[in-house]
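Accompanying notes for the structure given below.
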Amino acid sequence: MAQVYDHGGGVRSLQVPIPDNPLGHTLVYVVDTDRGPVLIDTGWDDPTSWDTLAEGLTACCTSVGEIHGVVVTHHHPDHHGLSGRVREASGAWIAMHAADGAIVRRTRSTRPQRWFTYMTAKLEAAGAPEEHVAPLRAARPRTLPGLAPALPDREIVPGELLDLPGRRLRAIWTPGHTPGHVCLHLEEDHPARLPGHGRLFSGDHLLPEITPHIGLYEDPDDATVTDPLGDYLDSLERVGRLAPAEVLPAHQHVFTDAAARVRELLTHHEDRLTGLLSLLTEPLTPWQLAVRMEWNRPWDQIPYGSKNIAVSEAEAHLRRLVKLGRAEAVAGSEPVMYMAV
Ligand SMILES: [Zn+2]
Ligand SMILES: [Zn+2]
């Protein structure tokens, strides 16, 4: 049965399951407008998830066919997976920030082999051992699963109100978890008059009990040295200043006191950076740093794909430390090693 929750003021949420994932579900929000319901995110592209979404909309006294538009917080498949099916069933538009729209376009056009070659080179440059890189080099994929995310047909412009008749929903650009992640600020009084400024749909940017993954923005066509962790911390401060009465995240549960949660996350990342500096008293490659960092389980028990994500996260932290002048690359090292300054 679909779990539907009425948040008041023409906003409901549906729990759309994510198969085989400890997160359990994506919270898809249904926002009533004068032109029909608009969804914030859609959920994972899987038959059970689709059925749950459809049943949930029926329980909201509407249907998939009635959906007027889809606002996507970011391109990840647990958020954008079902957008294409919703559009097919309803003719709804799909809106996304341009930076994540570019990732969708690239995902659709990049040949799998090119992607594997890129990832292999990245892992080698990060100092991954041969036994880790070898399977990737040997892989000869024809297609990667889930490679056809829907192209958006509207762009979410940072700072602007979305075109939702009868509602005031403003896009807040919050890069970090992805380059085009947005939060959406419903600038109407809280239905229960909680103190604060409206309600914030926070996607994966601000979650009540977990910290989102912050890794590199992987792009085979762009060699720009980005600073995703720096972007994320800036985005956190921006969202904290909005002081919403309530936060409606895409996972877990609704919460209040966004400012306190922002402070917790800023402290968490500051502590993590300090911890990394104490590891960098000797020169380390990003791989070696990842092996020594604290994860939710011992390194040799982390699955293959998650190790790649962990290395990407270690690199994002190194970028931040270098940018802050607290670490630097060791001249002439190959693969490049880093040390605290
Ligand atoms: Zn995500
Ligand atoms: Zn997510």
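The values are calculated or read from the model by the stated rules, or taken from the named source; none is laboratory data. Keep in mind the model is a prediction, meaning the values are calculated, not measured. Here Cβ is always computed from backbone atoms with ideal geometry, including for glycine, and neighbour counts include all displayed protein chains. Just the protein is used for accessible areas: all its heavy atoms, side chains included, with ligands, DNA and RNA removed. Shrake-Rupley method; radii C 1.70, N 1.55, O 1.52, S 1.80 Å.
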The answer for segment 34-116, accessible area per residue at 1.4 Å probe in Å², is 40
Gyration tensor verdict on segment 241-310 (Cα atoms; rounded if a/c is under 1.5, prolate if a/b is larger than b/c, oblate otherwise):
oblate
Sort 175-184, 101-110 for me by packing, meaning the mean count of neighbouring Cβ atoms within 10 Å per residue, highest on top.
175-184, 101-110
In order over segment 252-264: 3J(HN,Hα) from phi, Karplus 6.51/-1.76/1.60, θ = phi - 60°, whole Hz, x for each Gly or Pro, gives 6, 8, 5, 8, 10, 6, 4, 4, 5, 5, 4, 4, 4
For segment 219-341, taking Cα atoms only, what is the radius of gyration to one decimal and the Dmax to the nearest whole Å?
16.5, 52
Shape call, the chain: gyration tensor on alpha carbons, a/c limit 1.5:
prolate
Whole-Hz Karplus couplings 3J(HN,Hα) for segment 10-20, θ = phi - 60° and coefficients 6.51, -1.76, 1.60, Gly and Pro as x, run x, 10, 10, 10, 10, 8, 9, x, 9, x, 6
Helix-derived mean residue ellipticity, 222 nm - over the chain, DSSP H n ≥ 4, -39500 (n - 2.57), to 500:
-11500 deg cm²/dmol
Test of understanding: what is the full-extension gain from L151 to H253, defined as 0.36 nm times their sequence separation minus their Cα-Cα distance?
33.8 nm
Using alpha-carbon coordinates, inclination of helix 47-59 to the longest axis of the chain, degrees:
30
Using each residue's phi in segment 169-177, evaluate 6.51 cos²θ - 1.76 cosθ + 1.60 at θ = phi - 60° and report the 3J(HN,Hα) Karplus result to the nearest Hz, with x for Gly and Pro.
10, 9, 7, 10, 6, 10, x, x, 5
Inter-label distance, nm, simple model (7 Å from Cα along the C-beta direction), Q113/W93
4.0
So, with points 7 Å from each Cα along the Cβ direction, the A121-D222 label distance in nm works out to 1.7
Rounded to the nearest Å, what's the spacing between the alpha carbon centres of segment 78-92 and segment 222-272? Just the number, please.
28
Could you provide, to the nearest whole Å², the per residue accessible area of segment 204-325 with probe 1.4 Å?
44
Please work out whether segment 149-208 counts as rounded, prolate or oblate from its C-alpha gyration tensor, where a ≥ b ≥ c are the square roots of the eigenvalues and a/c under 1.5 means rounded, while otherwise a/b larger than b/c means prolate and anything else oblate?
oblate
In degrees between 0 and 90, to the nearest 10, how far off the longest principal axis of the chain does helix 112-125 point, with axes built from Cα atoms?
50
Percent of beta bridges antiparallel (DSSP, the chain, rounded to nearest 5):
70
When the chain is fully extended, how far beyond the present Cα-Cα distance does T58 get from R292, taking 0.36 nm per residue of separation?
79.3 nm
Using a probe of 1.4 angstrom, how much of the accessible area of the chain is carbon and sulfur, in percent?
51
In degrees, nearest ten, helix 304-323 long axis to first principal axis of the chain (Cα):
80
